[in-house]
Ligand code: SF4
């Protein structure tokens with residue numbers, strides 16, 4: 001089936017790869033944040049509750065969460081195959097043997113075609129890489145990296161606790177051990193970042209060798225240090241139209257083989273201060289689709305000069 005979308009969506013990729021509707025089941029290991037465990041301040045934007053699966057889905061072990069999520073997805077008639085998705089927190093942080101047991105138990109569940117593991121770029125030591133390398137010989141493993149941006153001043157401002165070289169190095173080391181499905185999370189609309197800088201982050205991830213991108217707009221969540229910055233007037237956020245234009249401009253330069261896992265964030269309203277876009281998530285995606293339907297070059301002209309990745313074009 002040929003897609004009408006001007007990019008490769010995750011659902012399209014999974015359907016072509018597995019010949020069936022595949023859905024991700026979000027899971028949590030209820031882990032402590034490695035930043036905070038190390039005595040560092042958390043990331044400026046972080047509200048852990050906002051990234052966790054719905055409360056009812058969080059009960060029990062990861063396997064129990066997965067089984068419950070699969071049963072619910074089957075009841076809705078939505079899918080026949082599943083990706084177990086360790087979504088919240090840094091799911092390579094911990095004792096490697098214990099993590100291996102969790103990974104193996106999730107992969108052993110019927111109709112689970114892949115395990116997706118979200119983590120930080122600086123949370124991939126040699127011991128956990130050895131576990132991932134071993135499991136990836138028999139299973140489809142994905143690693144989602146919270147890259148956020150490759151602009152050093154933004155990483156410092158976000159209090160990420162790692163630099164851009166760390167993120168690039170994480171992609172390189174994952175590729176060296178045979179992990180093909182590396183997904184970079186990027187935040188678009190960070191204060192002071194130009195469209196060229198956002199494009200440089202996208203291009204840097206693509207050139208480093210990621211398989212997919214997960215795009216988010218900067219969101220100000222309640223009770224975070226970012227909220228205080230926003231209330232002080234130091235953090236502008238993007239309107240839906242502006243964000244849609246940014247996404248369209250960037251995707252016009254992303255090679256088709258890169259899988260787009262997400263086009264914008266969709267944080268539950270109870271956690272969100274800004275931006276408060278009118279409409280539903282479906283309407284937000286429709287606005288991005290309308291921008292994507294425009295000529296990509298038009299976005300380039302409106303937003304500044306973007307240089308295409310040299311090695312891909
Ligand atoms: S984003 Fe992740 S690493 Fe950063 S403070 Fe939140 S839980 Fe910790």
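The values are calculated or read from the model by the stated rules, or taken from the named source; none is laboratory data. Bear in mind that the values here come from a model prediction, so they are computed numbers and not experimental data. Positions of Cβ are generated from backbone atoms using ideal geometry, with glycine treated the same way; all protein chains shown enter the neighbour counts.
Just name the residue that is nearest to the ligand (Cβ to nearest atom) out of those in segment 80-110 that are assigned to a loop (DSSP other than H, G, I, E, B) and surrounded by fewer than 20 Cβ atoms within 10 Å (Cβ to Cβ).
Per the stated criteria, the residue is 87.
Which one is farthest from residue 289 (Cα to Cα) among residues in segment 258-274 that are assigned to a loop (DSSP other than H, G, I, E, B) and modelled with pLDDT under 95?
Out of the qualifying residues, it is 268.
Hey, does segment 111-127 have a residue that's assigned to a loop (DSSP other than H, G, I, E, B), modelled with pLDDT of 95 or more, more than 16 Å from the ligand (Cβ to nearest atom) and surrounded by fewer than 19 Cβ atoms within 10 Å (Cβ to Cβ)?
Taking every residue of segment 111-127 in turn, at least one turns out to be assigned to a loop (DSSP other than H, G, I, E, B), modelled with pLDDT of 95 or more, more than 16 Å from the ligand (Cβ to nearest atom) and surrounded by fewer than 19 Cβ atoms within 10 Å (Cβ to Cβ).
Just to be sure before I move on: is residue 140 within 16 Å of the ligand (Cβ to nearest atom) and either surrounded by fewer than 20 Cβ atoms within 10 Å (Cβ to Cβ) or under 24 Å from residue 33 (Cβ atoms) (or both) in the structure I sent?
No; evaluated as a whole, the condition is false for this residue.
Which pairs do you get when a residue that is closer than 12 Å to residue 120 by Cα, found in segment 153-170, comes within reach of a residue that is at pLDDT below 95 and part of a loop (DSSP other than H, G, I, E, B), reach meaning Cβ atoms under 6 angstrom, with the pair 6+ apart or on two chains?
Going by the 6 Å Cβ cut-off, the qualifying pairs are 161/40.
Quick check on segment 66-81. Is at least one of its residues free of Cβ contacts under 8 Å to residues at least 40 places away in the same chain and in contact with a helix residue (DSSP H, G or I) (Cβ under 7 Å, 6 or more places away or on another chain)?
Yes: segment 66-81 contains one or more residues that are free of Cβ contacts under 8 Å to residues at least 40 places away in the same chain and in contact with a helix residue (DSSP H, G or I) (Cβ under 7 Å, 6 or more places away or on another chain).
Considering segment 14-30 alone, what residues qualify as being within 28 Å of residue 274 (Cα to Cα) and surrounded by fewer than 17 Cβ atoms within 10 Å (Cβ to Cβ)?
30
With respect to residue 114, determine if the residue is more than 25 Å from residue 47 (Cβ to Cβ) and out of contact with any helix residue (DSSP H, G or I) (no Cβ under 7 Å at 6 or more places or on another chain).
yes
With the condition being more than 16 Å from the ligand (Cβ to nearest atom), in contact with a strand residue (DSSP E or B) (Cβ under 6 Å, 6 or more places away or on another chain) and closer than 28 Å to residue 256 by Cβ, I'd like the helices (runs of 4 or more DSSP H) fully within segment 152-225 carrying at least 1 qualifying residues.
Correct list: 164-176, 195-208.
Among residues belonging to segment 1-11 that are under 25 Å from residue 54 (Cα atoms) and modelled with pLDDT of 95 or more, point out the one that is farthest from the chain's Cα centre (by Cα).
9
Within segment 215-229, count every residue that is under 14 Å from residue 189 (Cα atoms) and surrounded by fewer than 21 Cβ atoms within 10 Å (Cβ to Cβ).
Final tally of qualifying residues: 1.
I'd like to check which helices (runs of 4 or more DSSP H) are fully inside segment 1-58 and have at least 1 residues that are under 18 Å from residue 121 (Cα atoms), without any contact (Cβ under 8 Å) to a residue 40 or more places away in the chain and more than 16 Å from the ligand (Cβ to nearest atom).
Of the helices (runs of 4 or more DSSP H) lying wholly inside segment 1-58, none has at least 1 residues that are under 18 Å from residue 121 (Cα atoms), without any contact (Cβ under 8 Å) to a residue 40 or more places away in the chain and more than 16 Å from the ligand (Cβ to nearest atom).
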